[in-house]
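Notes for the one structure printed next.
What follows is calculated from the coordinates using simple rules that are stated; it is not laboratory data. Only a predicted model underlies this, so the values are computations on that prediction, with no experimental measurement involved. Using ideal geometry, Cβ is built from the backbone for each residue, glycine included, and neighbour counts are taken over all protein chains shown.
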Amino acid sequence: MTAELILHHYDTSPFSEKVRLLFGIKGLSWRSVIQPVIMPKPDLIPLTGGYRRIPVMQIGADVYCDTQVILAEIERRHPEPRVVTGVDWAVNLWADRLWFQASVALIFAEMGERVPKEFIADREKLSGRPFDVSAMKAAAPFMRQQWRAYAGWMEDGLADGDFLGGAKPSLADVAAWMNVWWLGAAAPAVADEMMVGLPRTQAWRDRLGAIGHGKRQEMAPSDALQAATAAAPADEGVCAANDPTGLRKGDAVVVQADDYGRDPVEGVLVNLTNDRITLARECGELDVIHVHFPRAGYVLVKR
């Protein structure tokens, strides 16, 4: 029996929307576990070992942190229709960082005064810096220019097809969609303004929005934890002998993000490739969990 795809997310999460769209493109069935928007997250942290960012994907006792590794694992397990092509991963990182920061400024400049204090305090802990609405308002005019420039790249990229990947959606479409979807959901008037004069991008937005999210079924957090308890993690093979870290399988290591949400996750190294880090963690009642991270954007050191 194939293990279920379980997505730990919340509906307004822009990064989760990337995964939900990929489920739709591939026509997949998946289980939805709604997690809190802010800490504490008592049903998530036992799975990840401390990683608190959303989304997290779970397949039995294998847990995938960060959309980069989540999308890669979905593509590996469900290769049809093919989504990853060319330099899509570089586009994904650009959309996650540069374009996302422009989206953050535009959205919170628009709605900053309505953001709950608890959310602000949580995001300050997550980022390690002030959640300064006044600074976002001051930056918004510049970030509008940047957002529009990025959308202009989209317009040019759609000159030869319905999608950035041509006739069918690619990972580049999924990555770019996150920012267009989030701005449209959180600040629709601003999104409409940013889209004026970009007819191909407007039509692309409508096409992607019509794809949907595959077949979603809700799942209780306690059931997701039980699914991890009842399963054994996949065998991840060996670590590359020529890795620049010099680390070997079985080393005690620490992994953490290099941008924000730098909560360290400790474990035993079981897999290390050019694009993935996998740790084994003993999780008390959950027994052994394998936690997967991407290489790009994460720091790996020996403990």
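Taking 29 Å as the cut-off for C-alpha to C-alpha distance, list the pairs among LYS215/LYS302; LYS18/LYS137; LYS41/LYS215 that go past it. Intermediate results must be reported in sequence, preceding the final value.
Details: LYS215/LYS302 41 Å; LYS18/LYS137 27 Å; LYS41/LYS215 25 Å.
Long pairs (Cα-Cα over 29 Å): LYS215/LYS302.
Return the calculated 222 nm mean residue ellipticity for the chain, to the nearest 500 deg cm²/dmol, obtained by summing -39500 (n - 2.57) across DSSP H runs with n ≥ 4 and dividing by the residue count. Walk me through the numbers before you get to the answer.
Working: 11 runs with 127 residues, N = 303.
Estimated from H runs of four or more residues: -13000 deg cm²/dmol.
For the pair LEU98 and VAL238 in one chain, pulling the backbone fully straight at 0.36 nm per residue adds 47.0 nm over the alpha carbon distance. Between helix 100-111 and the chain there is an angle of about 60 degrees, using the helix long axis and the longest principal axis of the Cα atoms.
When both bridge partners sit in the chain, DSSP labels roughly 70% of those beta bridges antiparallel.
Based on alpha-carbon atoms, the Kirkwood radius and the radius of gyration of region 103-144 give Rg/Rh equal to 0.96.
Rounded to the nearest 10 degrees, the angle from helix 133-157 to the longest Cα principal axis of the chain is 90 degrees. Here region 226-268 is scanned for amide nitrogen atoms under 18 Å from the site 7 Å beyond the Cα of LYS302 along Cα-to-Cβ, giving 239-256, 266-268. Start at zero, step by 10 Å, and the Cα-Cα distances of the chain spread as 6, 27, 34, 25, 9, 0 percent across the bins.
I'd like to know how region 114-240 sits against the 2.2 N^0.38 Å rule of thumb: what's its Cα Rg over that expected value? Mind dumping the intermediate values first?
Numbers: Rg = 20.0 Å, N = 127, 2.2 N^0.38 = 13.9 Å.
That works out to 1.44 for region 114-240.
Computed from Cα positions, the angle between helix 171-186 and the longest principal axis of the chain comes to roughly 60 degrees. The C-alpha atoms of region 1-92 occupy a region whose extents along the principal axes are 38, 34, 22 Å, arranged from largest to smallest.
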